[in-house]
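Have a look at the structure below before the remarks.
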């Protein structure tokens, strides 16, 4: 009986080991700060940082009981919702218009995507100068809302355009051959298919608006959003309840993003 043949050496084992190490370090670099913030949010100490002095929930109670924090959170939720609806609606109309072709389409596309290319601080300064030239008083529902729609709209368009562009127009043509009007075609054929993608885009747009800070700090007035108030608290003093406040913000953004991902996967299913 001949001895078993030796197993061939795996020429890629070192590459796999290196890739595993890189992945571990990458995930640690990405998520370890979040774990530290979560741990510090329960630290029973008046100073933010280590060492740990025990576990407590009083910082979360302080966050939930602060009138300023709750008002800023409500402002961010309200502006985020309105900005998401406006930017998603405009993005949908633009995407539908691009399907049928519009005059100067390349120029319009470049203008839509321009805010993505501008650094946030440059965009904030440009908006500040523009609102000053227009003599608009900084306010939550004027300057801040416009700044958020200006920032979110390109991302909403980039999310919706592939879905709209990949829509099978044969279904629309079949409906029109059966006597449906363009509005009936949109209501009964196009909209039911695009609705999951539109809802997912609106949720993504909300998270972008909810977390937006750089442009907001330039154009915000007396009313604060939660990122601006958080920054002001960090500048004034490193308060012990800031980690708990950060965890609440992260949880809200993560929950809405996960909902958007779930709805987006439904939109990707074949019709």
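The values are calculated or read from the model by the stated rules, or taken from the named source; none is laboratory data. Note that the coordinates shown come from a computational prediction; the quantities given were computed from them, not determined experimentally. Here Cβ is always computed from backbone atoms with ideal geometry, including for glycine, and neighbour counts include all displayed protein chains.
Annotations for the structure displayed:
- Single residue of segment 26-44 satisfying the filter (touching a strand residue (DSSP E or B) at 6+ places or on another chain (Cβ under 9 Å) and assigned to a loop (DSSP other than H, G, I, E, B)) that is farthest from residue 250 (Cα to Cα): 44
- Within the set 210, 186, the sole residue that is surrounded by fewer than 20 Cβ atoms within 10 Å (Cβ to Cβ) and not in a loop (DSSP other than H, G, I, E, B) turns out to be 186.
- Residues in segment 115-141 that are under 23 Å from residue 81 (Cα atoms) and under 21 Å from the mean Cα position of the chain (by Cα): 115, 116, 120, 123, 124, 127, 140, 141.
This table checks each residue for (1) touching a residue at least 12 places away in the same chain (Cβ under 8 Å); (2) not in a loop (DSSP other than H, G, I, E, B).
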| site | (1), (2) |
| --- | --- |
| 109 | no, yes |
| 112 | yes, yes |
| 125 | yes, yes |
| 135 | no, no |
| 138 | yes, no |
| 142 | no, yes |
| 145 | yes, yes |
| 148 | yes, yes |
| 170 | no, yes |
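- Residue within segment 55-66 that is modelled with pLDDT of 80 or more, surrounded by fewer than 12 Cβ atoms within 10 Å (Cβ to Cβ) and within 26 Å of the chain's Cα centre (by Cα) present: no
- So residue 50, is it part of a loop (DSSP other than H, G, I, E, B) and either under 19 Å from residue 238 (Cβ atoms) or under 23 Å from the mean Cα position of the chain (by Cα) (or both): yes
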